[in-house]
1. Please go through the residue pairs K54/K133; K141/K182; K37/K60; K54/K172; K81/K172 and name each one whose alpha carbons sit more than 26 Å apart in this structure.
2. Can you tell me the relative contact order of region 8-49? Whole percent, Cα pairs under 8 Å, sequence separation 6 or more.
3. Which one of G65, G52, G27 has the biggest mean-square fluctuation once the chain is modelled by GNM with Cα springs under 10 Å?
4. Given the -39500 (n - 2.57) contribution per DSSP H run of 4+ residues, what per-residue ellipticity at 222 nm results for the chain, rounded to the nearest 500 deg cm²/dmol?
5. Tell me the relative contact order for the chain as a rounded percent, counting alpha carbon contacts under 8 Å between residues six or more apart.
6. Determine the sum of side-chain charges near K176: Lys and Arg each +1, Asp and Glu each -1, restricted to other residues whose C-beta is under 14 angstrom from that of K176.
7. Quick one: dipole size for the chain, taken about the Cα centre, charges +1 on Lys/Arg Cβ and -1 on Asp/Glu Cβ, in debye to the nearest 20.
8. Computing the accessible area with a 1.4 Å probe over protein heavy atoms, can you report the carbon and sulfur percentage for the chain?
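The values are calculated or read from the model by the stated rules, or taken from the named source; none is laboratory data. Note that the structure is a prediction, hence the values are computed from the model and not measured. When we count neighbours, we look across all protein chains shown, and the Cβ atoms used for this are built from the backbone with ideal geometry, even at glycine. Quick note on the areas: whole protein, heavy atoms, side chains included, nothing else; ligands and nucleic acids left out. Shrake-Rupley method; radii C 1.70, N 1.55, O 1.52, S 1.80 Å.
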Amino acid sequence: KQYALWLEEVLHTLRLKNPTLIGHSFGCRVIIRFLEKHPEFTGEIILHGAAGIKWPPGLKQKIAGKLKPFVLPFKKIVPQKVWNKVTGKFFGARDWVHCTPELKNTLQKTLGEPCVRENLKKIKNNVLLLWGKNDGYTPIKSAHVFATNLKNATLHIFEDGKHGIHRTHAAKCATKITNFLKQ
């Protein structure tokens with residue numbers, strides 16, 4: 001919610017009334033929180049790999065949760081580089097190991113926030129959803145939740161895309177965004 005307040009301040013300071021807001025992953029959650037507070041905002045919204053839909057833990061997460069207490073004591077004797085690689089692969093997002101303690105604290109608070117599913121129904125803006133079919137962070141089933149619950153959403157799925165489609169499919173994303181904004 002603090003990031004949504006920051007976004008509000010930026011838009012106010014820059015005197016931008018209804019710009020297009022573009023978010024990726026965590027940034028999409030920020031935009032959704034902002035729109036909750038500002039239903040009068042009418043700018044277009046572009047979300048790719050949007051976070052915010054909560055799912056029950058999968059088998060891998062359940063197993064990792066059970067094993068973690070037994071693995072943690074080895075942290076002191078395993079080289080940091082090896083530890084980061086192993087724990088990133090089996091116990092969470094690969095980028096988690098590179099986060100500062102402050103960022104980890106912020107992310108833990110964010111992950112503790114409620115699911116945004118119900119909030120989506122209140123958003124009336126035109127929304128373009130861009131998603132990689134093989135997104136390992138925000139699964140494709142989340143894309144369908146966004147598309148179903150947002151009143152004015154257009155979903156485009158990149159069949160060979162993952163979470164970073166803004167990098168791996170930059171030109172195609174730019175074309176989709178340009179076409180969306182021309183409508």
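1. K141/K182; K37/K60; K54/K172; K81/K172
2. 51 percent
3. Its mean-square fluctuation being the largest, the pick is G65.
4. Dividing the helical sum by the residues of the chain leaves -14500 deg cm²/dmol.
5. Result for the chain is 22 percent.
6. With Lys, Arg at +1 and Asp, Glu at -1, the net is 0.
7. The dipole magnitude comes to about 640 debye.
8. Within the chain, the accessible surface is 60 percent carbon and sulfur.
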